[in-house]
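Note sheet for the following structure.
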Amino acid sequence: MLGEVITDRPDLLIRRMVLQPGEATAWHVDRCHRFTVVVRGERLTIEFRDSAKTVDVPVEPGETGWDEPDDAVHRAVNSGTTPFEEVVTFYRTGAGEDPQPVC
């Protein structure tokens, strides 16, 4: 996984992330509201650590979306055949808050 911080301020963090096919993020929770822009990719699978539940998410370049905080421990897996890339803006509720702490 390639991660690059674009902007880091006390109230927000903007990050670029690239996952190669089959690659996964670390297990984490989402502490902040966030806005995502998909740069490239085809499909993600969201896996939940404490259940067999998965969510299949088809994506396409230019897709955008708002997401709410979520305390469920999960990870994203690039289940497509091409690299997945996104740019996410995390809106922190506390100065310097980690928006996706690893669990």
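Cβ-Cβ distances below 6 Å connect the following pairs, each with a first residue in the range 22-46 that is on the phi > 0 side of the Ramachandran plot, a second residue that is surrounded by 15 or more Cβ atoms within 10 Å (Cβ to Cβ) and part of a loop (DSSP other than H, G, I, E, B), and a separation of six or more residues or different chains: 41/59; 41/80.
Inspection of the range 49-67 finds no residue satisfying the criterion of being of a type in the set (Gly, Ala, Ser) and under 15 Å from residue 22 (Cα atoms).
One residue alone among 77, 55, 29, 38 is touching a Ser or Thr at 6+ places or on another chain (Cβ under 6 Å), assigned to a strand (DSSP E or B) and of a type outside the set (D, E, K, R), and that residue is 77. Under the condition of being touching a residue at least 24 places away in the same chain (Cβ under 8 Å), exposed (fewer than 14 other Cβ atoms within 10 Å of the Cβ) and among the β-branched types (Val, Ile, Thr), the residues counted in the range 47-95 number 4.
Readers should treat all values here as calculations from the given coordinates under stated rules, not as data from a laboratory. Remember, it's a predicted structure, so these values are computed and weren't measured experimentally. Don't worry about glycine lacking a Cβ; one is built from the backbone with ideal geometry, like all the others, and counts go over all protein chains shown.
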